[in-house]
1. If you scan the stretch 19-63, which residues turn out to be open to solvent by 60 Å² or more (accessible area, probe 1.4 Å), in contact with a Ser or Thr (Cβ under 8 Å, 6 or more places away or on another chain) and within 19 Å of Pro100 (Cβ to Cβ)?
2. Go through the stretch 66-116 and count every residue that is part of a helix (DSSP H, G or I) and among the aromatic types (Phe, Trp, Tyr).
3. Right, Thr67: surrounded by 15 or more Cβ atoms within 10 Å (Cβ to Cβ), touching a residue at least 40 places away in the same chain (Cβ under 8 Å) and of a type in the set (S, T, N, Q) or not?
4. Would the stretch 84-103 turn up any residue that is within 13 Å of Ala5 (Cβ to Cβ), surrounded by 14 or more Cβ atoms within 10 Å (Cβ to Cβ) and out of contact with any Gly (no Cβ under 7 Å at 6 or more places or on another chain)?
5. Could you run through the stretch 70-83 and say how many residues are under 12 Å from Ser20 (Cα atoms) and surrounded by fewer than 16 Cβ atoms within 10 Å (Cβ to Cβ)?
Amino acid sequence: VQLQASGGGLVQAGGSVRLSCSASGSIFSVKSMGWYRQAPGKQRELVAVITSGGSANYRDSVKGRFTISRDNAENTLYLQINSLKPEDTAVYYCFADAGPRYGVYWGQGTLVTVSS
């Protein structure tokens, strides 16, 4: 499975951005997909995850502002981020969990910078 993330950039606080993650390869093996982020000087943290059935879970600090979705027909994962805050500044990484047999795949990351 190959993942290509896009959509990051410089955004003002209070604004919105939509990240995309296009998947290709052995898509059939993917169970859940999601996003991590890593802020400067901090550890990578899980932001949101969505199952193949569409069930989504979020980190408490982003609930109500982040929306994860997936288009199975287009093999694309999305993360809509609204009401951006400076603390949302991070590199956002998409991942695809193909289970214990095939492992976890990662996108290359896309940088979101929120200016105050």
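The values are calculated or read from the model by the stated rules, or taken from the named source; none is laboratory data. Worth saying up front: this structure is predicted, and the values here are computed from it rather than measured. Cβ sites come from the backbone with ideal geometry, for glycine too, and all protein chains shown count toward neighbours. The protein model used for the area step is the full one, side chains on, heavy atoms only, and it has no ligands, DNA or RNA in it. Shrake-Rupley method; radii C 1.70, N 1.55, O 1.52, S 1.80 Å.
1. Across the stretch 19-63, the qualifying residues are Lys31, Ser52.
2. Here is the first cut: in the stretch 66-116, the residues part of a helix (DSSP H, G or I) are 86-88, 99-102.
Checking the rest, the ones that are also among the aromatic types (Phe, Trp, Tyr) come to 102.
The total comes to 1.
3. Values: surrounded by 15 or more Cβ atoms within 10 Å (Cβ to Cβ): yes; touching a residue at least 40 places away in the same chain (Cβ under 8 Å): no; of a type in the set (S, T, N, Q): yes.
No.
4. yes
5. Count: 3.
Conditions (1) hydroxyl-bearing (Ser, Thr, Tyr); (2) touching a residue at least 24 places away in the same chain (Cβ under 8 Å), marked per residue:
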position: Val1; (1), (2): no, yes
position: Val17; (1), (2): no, yes
position: Ser26; (1), (2): yes, yes
position: Gly34; (1), (2): no, yes
position: Pro40; (1), (2): no, yes
position: Glu45; (1), (2): no, no
position: Asp60; (1), (2): no, no
